[in-house]
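The values are calculated or read from the model by the stated rules, or taken from the named source; none is laboratory data. The model shown is predicted, which means the values in this text are computed figures rather than measured ones. Positions of Cβ are backbone-derived with ideal geometry, glycine not excepted, and every protein chain shown enters the neighbour counts. Calculation scope for accessible area: heavy atoms of the full protein, side chains included, ligands and nucleic acids excluded. Shrake-Rupley method; radii C 1.70, N 1.55, O 1.52, S 1.80 Å.
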Amino acid sequence: MNVATPIAAVDPVQRMDAVLQRQKAANIAQGAPGAEVRIARLDRCIGLLIKYEAQIVAALNADFGNRAAEVSGVTDIAGSIGPLKHARAHLKAWMKPEKRSTTPSLLALLGAKAEVRFQPKGVVGIISPWNFPVNLTFAPLAGVLAAGNRAMIKPSEYTPATSELMAAMFADAFSEDEIAVFAGGPEVGQAFSGLAFDHLVFTGATAIARHVMKAAAANLTPLTLELGGKSPVILGRSADYATAAGRVMAGKTMNAGQICLAPDYVLAPREQLGAFVKEATAAVTAMFPTIKDNPDYTAVIAERHFERIKGYVDDARAKGAEIVEINPAGEDFSQQEHRKIPPTLILNATDDMHVMQEEIFGPVLPVVTYGGVDEAIAYVNAHDRPLGLYYFGTDAAEEEQVLSRTTSGGVTVNDVIFHVAMEDLPFGGIGPSGMGSYHGIDGFREFSHRKSIYRQLKNDLGPMKALRPPYGEGVRKYIASALKP
């Protein structure tokens, strides 16, 4: 294809702004793309993921130090192709205008019409994180492209090999006035978030999101913030503890817990604490007989995160917690090639511990006990609203209590994380865990402008004329009728 020559500029901020202006100009000049153009763009994205599969896996492994090819294949590659295919299959239906009723309804009988059209916003900025750098670029991009937009992408500096590869991938299939990638450190990210996008998507930490939101506010740029927080697991007394512990620990150890939706702490009935610890230990042992040199067990992304997570454990231990390190082979992790931390349970965790104050983003799992489910619900509600919440049990009444009396971005019942994989469910947080949502039709609508269109009657009727000056009995009757209960 004819790829535009990148704009030469010493200053990366100037170059980003120049590309933004070029994309905006192309959007105005070419107008809203039809369904076939949108499908072709989605197809090109799918083609890139297939073509570069091996390079993506290698780059992710290099960035993490150790990451299983299967983890990258499931989460970053297949997990990206799925949303793109879903958008491709449904976008023609999504694009159709929505008929709306008129007010009063009599107008419709006389020929008036109301509808909503979905118009591309224009240029959407995407700031993607390091934990799933490919998926959290392509998954929002599915909605962005389905809605007919152009995109500018700022990938994470913590995954330099993957970020560089994505820049090359998009340059291979798209001109810069369609999709452009800008690598760089925090200073580039700060400048990127201050650009006058038509919409901005940020995935990352809540603390950074505050800076992004402040920068975007200067341009009144609308935002989608996918953040995180401390997603709780509530174990009901009716749960199958072997199954529940297996699923919780599978979610906690995937990507070494470096997932925004990873179970962050467990609320367990006091008398079932021992059962959970036993089953969690058995589950980890079955999945990872060894850890230190096991390619299936992902390393922590960077030394500072490695030290941060170990610091949580040390702080909890110093404040009286019982530490259960699940180390099936009894390996020595004091000297190791990679930054691996074995799955670690923190029992008797209390709110004065750092591990209960910050999102963990690692393979450490505090466990808090409760007496009745009301106590567990009250604990969740006393803290920031999380991105995810997980309930295990077969008690339908208790499940409904948890669902109706807690507020979170989303919920998975009898498993963890899986609601994010449902393409027909909106994915997003609430409050400190995020704002806005995407995936499927919700992503299409998030990145579309919903334009209201009303078509008035061709001819003036008596009631319409009565609303104009000079005001008389007709308008007074209208006001009187509106005031009736």
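In the set Ala275, Ala268, only one residue is under 17 Å from Tyr370 (Cβ atoms) and in contact with a strand residue (DSSP E or B) (Cβ under 6 Å, 6 or more places away or on another chain); that residue is Ala268. From the list Pro432, Pro386, Pro342, the lone residue that is part of a loop (DSSP other than H, G, I, E, B), closer than 14 Å to Cys260 by Cα and not acidic (Asp, Glu) is Pro386.
When restricted to residues that are assigned to a helix (DSSP H, G or I), over 20 Å from the mean Cα position of the chain (by Cα) and under 19 Å from Gly47 (Cβ atoms), segment 163-206 contains 8. Selection within segment 434-485: residues that are touching a residue at least 60 places away in the same chain (Cβ under 8 Å), among the basic types (Lys, Arg) and open to solvent by 80 Å² or more (accessible area, probe 1.4 Å). The member of this set that is nearest to Thr206 (Cα to Cα) is Arg450. Residue count for segment 242-288 satisfying the condition of being more than 24 Å from Ala421 (Cα to Cα) and open to solvent by 10 Å² or more (accessible area, probe 1.4 Å): 14.
So which helices (runs of 4 or more DSSP H) stay within segment 1-118 end to end and still have 3 or more residues that are buried (at least 19 other Cβ atoms within 10 Å of the Cβ)?
On the way: elements: 12-30, 35-51, 53-64, 69-72, 79-95, 106-109.
So the answer is 12-30, 35-51, 53-64, 79-95.
Take the residues in segment 389-414 that are touching a strand residue (DSSP E or B) at 6+ places or on another chain (Cβ under 7 Å) and in a loop (DSSP other than H, G, I, E, B); name whichever of them is farthest from Leu227 (Cα to Cα). Among those that are touching a strand residue (DSSP E or B) at 6+ places or on another chain (Cβ under 7 Å) and in a loop (DSSP other than H, G, I, E, B), it is Asn414. Cβ separations smaller than 6 Å between residues 6+ apart or across chains give the following pairs from segment 277-299 residues that are under 19 Å from Asp240 (Cα atoms) and without any contact (Cβ under 8 Å) to a residue 60 or more places away in the chain to residues that are in a helix (DSSP H, G or I) and open to solvent by 30 Å² or more (accessible area, probe 1.4 Å): Glu279/Ala242. Which residue pairs have Cβ atoms closer than 6 Å, lie 6 or more positions apart in sequence or on different chains, and pair a first residue in segment 50-69 that is of a type in the set (Lys, Arg) with a second residue that is assigned to a helix (DSSP H, G or I) and open to solvent by 20 Å² or more (accessible area, probe 1.4 Å)? Qualifying pairs under 6 Å: Arg67/Asn61. Just one of the listed residues (Ala268, Ala280, Ala239, Ala299) is in contact with a helix residue (DSSP H, G or I) (Cβ under 9 Å, 6 or more places away or on another chain), in a helix (DSSP H, G or I) and hydrophobic (A, V, I, L, M, F, W, C), namely Ala280. Filtered by the rule that a residue be surrounded by fewer than 24 Cβ atoms within 10 Å (Cβ to Cβ) and either among the aliphatic types (A, V, I, L, M) or free of Cβ contacts under 8 Å to residues at least 40 places away in the same chain (or both), segment 128-153 gives a lone residue, Met152.
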